[in-house]
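Every number in this text was worked out from the coordinates using simple rules, so none of it is lab data. Keep in mind that this is a model prediction, so the values were computed, not measured. Counting neighbours? That spans all protein chains shown, and the Cβs are built from the backbone with ideal geometry, glycine included.
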Amino acid sequence: MEKRKSKAYVFVAMLVALLLFGCGALYTDIKTPMPSLSLQANADSKTKVGKASCTSYVWVVAIGDCSVAAAMKNGGINKIHHVDYEIKSIFFGIYGKHTIVVYGE
């Protein structure tokens, strides 16, 4: 019976470690395309880049404008070629930053 208990504890510990560390709970810094906005076929002719960010602190305060419209305005873009999304999160989201990156002309 004791052997079965110790195996269960090991399994639970491994599962918790996978959930916490496998998904970037302590630190995340990724860049990914936004599938619904990556529609232009001629992305090689992009000449301008605009960014807009939102920041959150301790799951309580979130500030900023991370909209596509704000990124277009910041980059002086009138026609979108594609849009990417950047995420940075530290220790379960105590600090988080979300950035929209718009490429276009």
Sequence order, region 79-86: Karplus ³J(HN,Hα) from phi using 6.51 cos²θ - 1.76 cosθ + 1.60, θ = phi - 60°, Hz rounded, Gly and Pro as x, gives 10, 8, 9, 6, 10, 10, 10, 10
Cross-link list 48/88; 73/97; 48/97; 7/31: which exceed 30 angstrom alpha carbon to alpha carbon? 7/31
Counting Lys and Arg as +1 and Asp and Glu as -1 over every other residue whose Cβ sits under 12 Å from the Cβ of residue 54, the net charge comes to +1
Exposure-ranked with fewest Cβ neighbours within 10 Å first, 30, 100, 90 stand as 30, 90, 100
Least to most buried among 51, 3, 79, by other C-beta atoms within 10 Å and fewest first, runs 3, 79, 51
